[in-house]
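Q: Dumping the structure here so I can ask a few things about it.
The values are calculated or read from the model by the stated rules, or taken from the named source; none is laboratory data. Worth saying up front: this structure is predicted, and the values here are computed from it rather than measured. For neighbour counting, all protein chains shown are included, and Cβ atoms are generated from backbone atoms with ideal geometry for every residue, glycine included.
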Amino acid sequence: MPLSLTNAEARGRTYAAARMMAGLDQASVAVAAGVSAATVSNVERGREGRPDTIKAIRKALARQGVLVSFSSNNGLASVAISFAAEEEEEE
């Protein structure tokens, strides 16, 4: 059963989840994006943000190794996080 969210709410939750999965807080993303922490919070809560604001937040996350993508074909969002490799990684 699909979630009953608007597109803006779904996008916002995706950005929030991606940020948290990478261990980032709203303040650090806000500084990196050149926006206020309140703006990041508003976007994450699904309030419509200006396209340039959304782009700045997405780029700020990308610079931290967090890639967020949305498919207009199937309504799916994906998050990829790039972590630094440990010298001796255990399996």
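Q: Sort out which residues of segment 29-44 are assigned to a helix (DSSP H, G or I) and of a type in the set (Gly, Ala, Ser), and write them in order of number. I'd like the intermediate steps shown before the answer.
A: At the first step, the residues of segment 29-44 found to be assigned to a helix (DSSP H, G or I) are 29-33, 37-44.
Correct list: Ala30, Ala32, Ala33, Ala37, Ala38, Ser41.
Q: Sticking with this structure for a sec: Filter segment 32-44 down to residues that are of a type in the set (A, V, I, L, M) and in contact (Cβ under 8 Å) with a residue 12 or more places away in the chain and give me whichever is surrounded by the most Cβ atoms within 10 Å (Cβ to Cβ). Let's see the steps before the verdict.
A: Filtering segment 32-44 down to residues of a type in the set (A, V, I, L, M) leaves 32-33, 35, 37-38, 40, 43.
Of the ones still in play, those that are also in contact (Cβ under 8 Å) with a residue 12 or more places away in the chain are 32-33, 35, 40, 43.
Working: Ala32: 18, Ala33: 21, Val35: 20, Val40: 29, Val43: 26.
Going through the qualifying residues, I end up with Val40.
Q: Next question, about the same structure. Taking the condition more than 21 Å from Leu5 (Cα to Cα) and out of contact with any helix residue (DSSP H, G or I) (no Cβ under 7 Å at 6 or more places or on another chain), does Gly34 pass? Don't jump to the end; show me each part of the working.
A: Working: more than 21 Å from Leu5 (Cα to Cα): yes; out of contact with any helix residue (DSSP H, G or I) (no Cβ under 7 Å at 6 or more places or on another chain): no.
Spelling it out, it is not the case that Gly34 is more than 21 Å from Leu5 (Cα to Cα) and out of contact with any helix residue (DSSP H, G or I) (no Cβ under 7 Å at 6 or more places or on another chain).
Q: While we're here: Which residue pairs have Cβ atoms closer than 7 Å, lie 6 or more positions apart in sequence or on different chains, and pair a first residue in segment 50-67 that is within 15 Å of Arg11 (Cβ to Cβ) with a second residue that is at pLDDT 95 or above and among the polar types (S, T, N, Q)?
A: Here the result reads Thr53/Thr39, each pair linking segment 50-67 to a residue that is at pLDDT 95 or above and among the polar types (S, T, N, Q).
Q: For segment 11-28, name all the residues that are in contact (Cβ under 8 Å) with a residue 60 or more places away in the chain and surrounded by 14 or more Cβ atoms within 10 Å (Cβ to Cβ). Even if it seems obvious, please write down each step before you answer.
A: Taking segment 11-28 and keeping what is in contact (Cβ under 8 Å) with a residue 60 or more places away in the chain, we get 11, 14, 17-18, 21.
Selection gives Arg11, Thr14, Ala17, Ala18.
Q: Report yes if Arg47 is free of Cβ contacts under 8 Å to residues at least 40 places away in the same chain, within 20 Å of Ser4 (Cα to Cα) and not β-branched (Val, Ile, Thr), otherwise no. Step through it out loud before you land on a result.
A: Numbers: free of Cβ contacts under 8 Å to residues at least 40 places away in the same chain: yes; within 20 Å of Ser4 (Cα to Cα): yes; not β-branched (Val, Ile, Thr): yes.
Yes.
Q: Go through Arg63, Arg19 for me and flag whichever is among the charged types (D, E, K, R) and under 9 Å from the mean Cα position of the chain (by Cα). Explain how you work it out, then say what you get.
A: Details: Arg63 fails: under 9 Å from the mean Cα position of the chain (by Cα).
Being among the charged types (D, E, K, R) and under 9 Å from the mean Cα position of the chain (by Cα) holds for just one of Arg63, Arg19, which is Arg19.
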